[in-house]
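*Asks:* One structure follows; several queries about it will come next.
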Amino acid sequence: MRPITVTVNGQRHEVEVEPRDLLAYVLREKLGLTGTNIGCDTSSCGACTIHINGESVKSCTVLAVQADGQEVTTIEGLANGAELHPMQKAFTESHALQCGYCTPGMIMAAVSLLKDNPSPSEDEIRHGLEGNLCRCTGYQNIVKAVQAAASGS
């Protein structure tokens, strides 16, 4: 076991991890942050997308020891108390989810996309989210949600 210190959603955590523990596992099982979903364990689906130091990453491909000393944001950390993040609101208002399994990772990827490109075209949105798979929605309302969040409506 190895101790690591990681700041998750603004709160510092000291956690004992195995050198082989994936960050997704530590977030879910050791810190109780189950909004980060594990869909494939191969980085193909994006359900586990989080931010490390403001950058979008798939947490199923990151060892927990790599997060030692880093700032991690999960879907639970986007909201400000009861006030949803604008992207969370846009997904809700645009009906951009069905089963909801991909939604946390999709929202985290979309937030990152808008940080890098605050006014993306539809093609840029589709390209920016291509690492996150949704098996239910057909993506149209996801694109609309990102457009709504980008425009502030």
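The values are calculated or read from the model by the stated rules, or taken from the named source; none is laboratory data. Predicted, not measured: the structure shown is a model, and the values here were computed from it. Quick reminder, even Gly has a Cβ in these numbers, built from the backbone with ideal geometry, and neighbours come from all protein chains shown.
*Asks:* If you take the residues in the range 1-31 that are out of contact with any Cys (no Cβ under 9 Å at 6 or more places or on another chain) and among the hydrophobic types (A, V, I, L, M, F, W, C), which one is surrounded by the most Cβ atoms within 10 Å (Cβ to Cβ)?
*Replies:* Of everything passing the filter in the range 1-31, VAL26 is surrounded by the most Cβ atoms within 10 Å (Cβ to Cβ).
*Asks:* Determine, yes or no, whether ILE50 is modelled with pLDDT of 95 or more, under 21 Å from ASP21 (Cα atoms) and touching a Lys or Arg at 6+ places or on another chain (Cβ under 9 Å).
*Replies:* So ILE50 passes the test.
*Asks:* Same structure, new question: If you check THR49, THR34, which single one turns out to be surrounded by fewer than 20 Cβ atoms within 10 Å (Cβ to Cβ) and either of a type in the set (A, V, I, L, M, F, W, C) or on the phi < 0 side of the Ramachandran plot (or both)?
*Replies:* The unique qualifying residue is THR34.
*Asks:* Follow-up. If only one of TYR101, TYR139 is farther than 26 Å from LEU31 by Cβ and aromatic (Phe, Trp, Tyr), which one is it?
*Replies:* Checking each option against the conditions leaves just TYR139.
*Asks:* Condition (residue is buried (at least 17 other Cβ atoms within 10 Å of the Cβ), hydroxyl-bearing (Ser, Thr, Tyr), touching a Ser or Thr at 6+ places or on another chain (Cβ under 8 Å) and assigned to a helix (DSSP H, G or I)) applied to the range 108-116: is it met by at least one residue?
*Replies:* Yes.
*Asks:* Of all residues in the range 1-31, count the ones that are of a type in the set (Asp, Glu) and within 13 Å of ASP68 (Cβ to Cβ).
*Replies:* Matching residues across the range 1-31 total 3.
*Asks:* Of the numbered conditions (1) free of Cβ contacts under 8 Å to residues at least 24 places away in the same chain; (2) in contact with a strand residue (DSSP E or B) (Cβ under 6 Å, 6 or more places away or on another chain); (3) more than 23 Å from ASN132 (Cα to Cα), THR7 satisfies every one except a single condition; which is it?
*Replies:* Single failed check for THR7: (1).
*Asks:* Assuming ASN132 fulfils every condition listed in (1) in a helix (DSSP H, G or I); (2) buried (at least 17 other Cβ atoms within 10 Å of the Cβ) apart from one, which condition is it?
*Replies:* It fails just one condition, (1).
*Asks:* Residues that are more than 19 Å from GLU130 (Cβ to Cβ) and of a type in the set (Val, Ile, Thr), at least 1 per element: which strands (runs of 3 or more DSSP E) completely within the range 26-103 meet that?
*Replies:* Qualifying strands (runs of 3 or more DSSP E): 49-52, 71-73.
*Asks:* Let me ask you something else. Among the residues of the range 1-21, which ones are of a type outside the set (S, T, N, Q), outside any strand (DSSP E or B) and over 16 Å from LEU63 (Cβ atoms)?
*Replies:* GLY10
*Asks:* Going through ASN117, ASN80 one at a time, which residue ends up being among the polar types (S, T, N, Q) and touching a helix residue (DSSP H, G or I) at 6+ places or on another chain (Cβ under 8 Å)?
*Replies:* Going through ASN117, ASN80 in turn, the sole match is ASN117.
*Asks:* State which residue pairs qualify: first residue buried (at least 20 other Cβ atoms within 10 Å of the Cβ) and inside the range 79-106, second residue in a loop (DSSP other than H, G, I, E, B) and of a type in the set (Val, Ile, Thr) in any location, beta carbons under 7 Å apart, and separation of 6 or more residues or different chains.
*Replies:* Close Cβ pairs satisfying both conditions: ALA96/THR137; LEU97/THR137; PRO104/THR36.
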